[in-house]
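Asker: Here's a structure for you.
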Amino acid sequence: MKYVAKYFLLILLTPLLVFSAEAIPFLKPSFLNLKEDFEEAKKENKFLFIMFHQEGCPFCDKMRRVTFQDRRVQEYFTKYFYMVEIDIRGANELVDLDGKKLTERQFSLKHGVRLTPVLMFFDQEGKVVAKVPGYIEPQEFVLIGRYVVEGHYRNKNLVQFLRENKGR
């Protein structure tokens, strides 16, 4: 009887465990061909950004659980962005925007990423226009998105833009 009760409890809890991780609508399923991901984003008039992460990173998990689940973030970033995740310790091969093949780890080191999370945003030409380390609150994350989408990176740095637009 004990086993039946445990089995029954497992059946009841399984859906909760499976559906507890909410989807991120702007996360692009990627074969780690960043060149193709960039071209696809550009074709859809979207911007590409990369979230560098690693297993067990509490701030990466908080970005997924809090910031990426915020309604304002989801609406804005689904409209304007594709996100691709890169594991900074990963051994999977990827294709860089310039067509070169390297591992996720090599790509991370190439861009100076050693800690996580780091978010790296590209403009429509494929140039890095913002690289932001650490956990970011939803309201500030939307501002960073606006910084890229509205082209503010052309005439001011991100810190200046954030200061001028706090609370908006």
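Asker: I'd like to check something: does region 79-102 contain any residue that is touching a residue at least 40 places away in the same chain (Cβ under 8 Å), open to solvent by less than 30 Å² (accessible area, probe 1.4 Å), under 18 Å from Glu140 (Cα atoms) and out of contact with any Lys or Arg (no Cβ under 8 Å at 6 or more places or on another chain)?
Answerer: Checking region 79-102: not a single residue is touching a residue at least 40 places away in the same chain (Cβ under 8 Å), open to solvent by less than 30 Å² (accessible area, probe 1.4 Å), under 18 Å from Glu140 (Cα atoms) and out of contact with any Lys or Arg (no Cβ under 8 Å at 6 or more places or on another chain).
Asker: Considering every residue within region 39-52, establish whether at least one is within 14 Å of Ile86 (Cβ to Cβ) and more than 10 Å from the chain's Cα centre (by Cα).
Answerer: Checked against the condition, which is being within 14 Å of Ile86 (Cβ to Cβ) and more than 10 Å from the chain's Cα centre (by Cα), region 39-52 yields no hits at all.
Asker: For residues that are in contact (Cβ under 8 Å) with a residue 60 or more places away in the chain and of a type outside the set (A, V, I, L, M, F, W, C), tally how many sit in region 25-45.
Answerer: Final tally of qualifying residues: 3.
Asker: Test of understanding: among Gln106, Gln139, Gln74, which residue is touching a residue at least 60 places away in the same chain (Cβ under 8 Å) and either of a type outside the set (Gly, Ala, Ser) or open to solvent by 40 Å² or more (accessible area, probe 1.4 Å) (or both)?
Answerer: Of the residues listed, the single one that is touching a residue at least 60 places away in the same chain (Cβ under 8 Å) and either of a type outside the set (Gly, Ala, Ser) or open to solvent by 40 Å² or more (accessible area, probe 1.4 Å) (or both) is Gln139.
Asker: Considering each of Leu32, Leu48 in turn, give the residue that is at positive phi, at pLDDT 95 or above and hydrophobic (A, V, I, L, M, F, W, C).
Answerer: Unique residue meeting the criteria: Leu32.
Asker: Quick one: which strands (runs of 3 or more DSSP E) lie wholly within region 75-168 and hold at least 1 residues that are among the polar types (S, T, N, Q) and at pLDDT 95 or above?
Answerer: Output list reads 101-103.
Asker: I would also like to ask the following. Answer yes or no: is there a residue in region 122-129 that is buried (at least 18 other Cβ atoms within 10 Å of the Cβ), without any contact (Cβ under 8 Å) to a residue 40 or more places away in the chain, within 26 Å of Arg146 (Cβ to Cβ) and among the β-branched types (Val, Ile, Thr).
Answerer: Yes, the conditions are met somewhere in region 122-129.
Asker: Which residues, counting only those in region 35-53, are touching a strand residue (DSSP E or B) at 6+ places or on another chain (Cβ under 9 Å), assigned to a helix (DSSP H, G or I) and charged (D, E, K, R)?
Answerer: Lys35, Glu36, Asp37, Glu40, Lys42
Asker: Here's another thing I want to ask about it. Return the total of residues in region 46-64 being in contact (Cβ under 8 Å) with a residue 12 or more places away in the chain, open to solvent by 50 Å² or more (accessible area, probe 1.4 Å) and farther than 16 Å from Pro133 by Cα.
Answerer: 1
Asker: Follow-up question, since we're still on this one. Against the condition in a helix (DSSP H, G or I), under 15 Å from Val132 (Cβ atoms) and open to solvent by less than 30 Å² (accessible area, probe 1.4 Å), how does Phe68 come out, does it pass?
Answerer: In short, yes.
The values are calculated or read from the model by the stated rules, or taken from the named source; none is laboratory data. Computed from a predicted model, the values in this text were never measured in an experiment. So basically every Cβ, Gly included, is an ideal-geometry build from the backbone, and we count neighbours across all protein chains shown. What goes into the accessible areas is simple: the full protein's heavy atoms, side chains included, and nothing from ligands, DNA or RNA. Shrake-Rupley method; radii C 1.70, N 1.55, O 1.52, S 1.80 Å.
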